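Worksheet: the structure to be examined is printed underneath.
The values are calculated or read from the model by the stated rules, or taken from the named source; none is laboratory data. Just so you know, these numbers come straight off a predicted model, no measurement behind them. Cβ atoms come from the backbone with ideal geometry, glycine included; neighbour counts cover every protein chain shown. These accessible areas exclude ligands, DNA and RNA; they are computed on the full protein's heavy atoms, side chains included. Shrake-Rupley method; radii C 1.70, N 1.55, O 1.52, S 1.80 Å.
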Amino acid sequence: KDCSFYWRKPNTPRPLGKMAASMKNVEEIRNRVILGEFGVTNVHTTDFPGNYPGYDDTWNVEKFQKNFRIDVVHLDENSMEFDMVGIDAAIANAFRRILLAEVPTMAIEKVFIYSNTSIVQDEVLAHRLGLIPIKADPRLFEYRNTEEEGSEIDTIQLQLKIKCSRNPRASKDSSDPRELYLNHMVYSKDIKWVPIGNQADVFADCCIGPVHDDILIAQLRPGQELDIVMHCVKGIGKDHAKFSPVATASYRLLPEITLLEVVEGEKAERLKQCFSRGVIDLEDINGTKVAKVVNSRLDTCSREVLRHSDLKNVVKLGRVRDHFIFTVESTGILPPDVLVTEAIKVLMAKCQRFLNELDSTIME
């Protein structure tokens, strides 16, 4: 009588209604993140054994293989969107961080400035050059030993040699620099590849150079010039951001919007306006407009609907815990699908290295 917990006789089954409700609540806690009016609930992971009675949450490779999948939603030469389903947030974030910082690329590391009479300081100019993405497949090169001189297997040599002069054909009345001067705007297209050793034969089919031709490097005036030699080497983003192969790599959980009751008329119109375009649509049923969820994937989870007192109780906002929508935008050095493949290889190598260390520790 004085106990705070519910007591029932031994071997007495729990009422089915309460059991079903309890099981449904546990499923929601395990699989959904809920967006409330004043906070977000169910944010912690529950993926470990013994957390909930009746659920076997021990990790199983057969179960993982059955549930895991990757669905490519969009792919072009610069960007990719895909769904990664059936993994934990820790693995998804590890994959994102590998894309940002551990997939190697080629970038300008050494800048030898023989002449710079522009108004741009040498160190600023070198920094600008280093951040220009270089189109060269890093898989064809080795990491350079800093103590040795660069060779054809680990170094790409580029050259920028340009001088500004007056245009003799310019109109005397003109004040436009583009007409008055020649080579006054220095772009990345002015950077030329200088093959080392047998690179001209090995990379005859490759177009090594800046990814984009229209990156502005400096502005010159008559008499000013740049004479620069650059060495590109292989590196990774955690050493310097210039080696990062992606402009952005991010993920978000799949939104889930559930209408708890029928919403119609003017109320349905306001409900539609609370979400991003394409999420809620109005269906004509017997002359009445009724709201329905069309594509919750497009929702930005702004929670605008929770600002309306008559709407916040008719909809449930959530996110699927193990469904990640990845967006990868390449800098152009490698296609996004190749970057994803390379990131998976890096993750596999990390796992194998961990297993090898674990085996050696056990042997000791």
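Picking from residues in the stretch 327-346 that are more than 19 Å from G86 (Cα to Cα) and either touching a Gly at 6+ places or on another chain (Cβ under 9 Å) or among the small types (G, A, S) (or both), the one that is surrounded by the fewest Cβ atoms within 10 Å (Cβ to Cβ) is G332. Given the structure, is V305 among the β-branched types (V, I, T), free of Cβ contacts under 8 Å to residues at least 60 places away in the same chain, under 30 Å from F82 (Cα atoms) and out of contact with any Ser or Thr (no Cβ under 9 Å at 6 or more places or on another chain)? In short, yes.
Residues that are within 29 Å of the chain's Cα centre (by Cα) and at pLDDT below 70 were ranked within the stretch 18-63; the one that is farthest from F324 (Cα to Cα) is F48.
Taking the stretch 90-104 as the range and being open to solvent by 20 Å² or more (accessible area, probe 1.4 Å) and either touching a Lys or Arg at 6+ places or on another chain (Cβ under 8 Å) or under 16 Å from F324 (Cα atoms) (or both) as the test, the residues that pass are A90, I91, N93, A94, R96, R97, A101, E102, P104.
Residue by residue, here is whether (1) assigned to a strand (DSSP E or B); (2) in contact with a strand residue (DSSP E or B) (Cβ under 8 Å, 6 or more places away or on another chain) holds:
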| position | (1), (2) |
| --- | --- |
| W59 | no, no |
| F64 | no, no |
| H74 | yes, yes |
| E81 | yes, yes |
| I87 | no, yes |
| A92 | no, yes |
| I98 | no, no |
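Out of all the residues in the stretch 38-84, which are charged (D, E, K, R) and surrounded by 14 or more Cβ atoms within 10 Å (Cβ to Cβ)? Scanning the stretch 38-84 gives D47, E81, D83.
Against the numbered list (1) part of a helix (DSSP H, G or I); (2) open to solvent by 40 Å² or more (accessible area, probe 1.4 Å); (3) modelled with pLDDT of 90 or more, E142 comes up short only at (1). Among residues of the stretch 245-260 that are over 16 Å from F324 (Cβ atoms) and free of Cβ contacts under 8 Å to residues at least 40 places away in the same chain, none has a Cβ under 9 angstrom from a residue that is part of a strand (DSSP E or B) and open to solvent by less than 60 Å² (accessible area, probe 1.4 Å) at a sequence gap of 6+ or on a separate chain. Y181 passes every criterion in (1) under 30 Å from T327 (Cβ atoms); (2) of a type in the set (F, W, Y); (3) over 34 Å from the mean Cα position of the chain (by Cα) apart from (1).
Among the residues of the stretch 158-210, which ones are within 21 Å of H127 (Cβ to Cβ), of a type outside the set (S, T, Y) and not in a strand (DSSP E or B)? Residues satisfying the conditions are K189, D190, I191. When each of S151, S165, S244 is tested for being touching a helix residue (DSSP H, G or I) at 6+ places or on another chain (Cβ under 9 Å) and among the hydroxyl-bearing types (S, T, Y), the lone residue that passes is S244. The residues on offer are I119, I87, I113, I108, and the sole one that is over 17 Å from P336 (Cα atoms) and open to solvent by 80 Å² or more (accessible area, probe 1.4 Å) is I119. Of the residues making up the stretch 224-270, those that are open to solvent by less than 60 Å² (accessible area, probe 1.4 Å) and assigned to a loop (DSSP other than H, G, I, E, B) number 7. When the test is whether a residue is within 29 Å of the chain's Cα centre (by Cα), under 29 Å from E28 (Cβ atoms), free of Cβ contacts under 8 Å to residues at least 60 places away in the same chain and open to solvent by 50 Å² or more (accessible area, probe 1.4 Å), R277 passes it. As for the stretch 309-326, it holds at least one residue that is touching a Gly at 6+ places or on another chain (Cβ under 7 Å) and in contact (Cβ under 8 Å) with a residue 12 or more places away in the chain.
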